[in-house]
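The structure is given below, and queries will be raised subsequently.
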Amino acid sequence: MDVRSAYNSGLTGFQNASAQLSNASTQIAHAGSAEISTSENPSPSESLPSPAERTPVSLSTELINLKVAEFQAKASAKVISTADEVVGTLINTSV
């Protein structure tokens, strides 16, 4: 049994969850700034994308993505924890 692959799988899953969390939170932030900029008159110096360049963001979809990232991070942490326990057990039985 190769425990390194379990650690790698857990770490990769955790990194993917972090990237998904970052992406979803960025989308939510952009949606919030788009609502603010459409309700107020933005100054010409602001570099917000034009309405044609913006893609519509569904807040409910992005909130679901945040929750999925949370579950993915928890599952990945459990994989890492289990691999750690296996290594501990292997060390204890070999002594």
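Every number here is computed from the coordinates shown, using simple stated rules; none is lab data. This structure is a prediction, so every number in the text was calculated from the model and none was measured. In this analysis, Cβ positions are derived from the backbone assuming ideal geometry, glycine residues included, and neighbour counts consider all displayed protein chains.
Measure off 7 Å from each Cα along the Cα-to-Cβ vector at Thr61 and Ser5, then give the distance between these two points in nanometres to one decimal.
3.6
What FRET efficiency would be calculated for the residue pair Val86, Ser33, taking the C-beta separation as r and a Förster radius of 41 Å, to the nearest 0.05?
Numbers: r = 46 Å, r/R0 = 1.13.
Once rounded, the FRET efficiency stands at 0.35.
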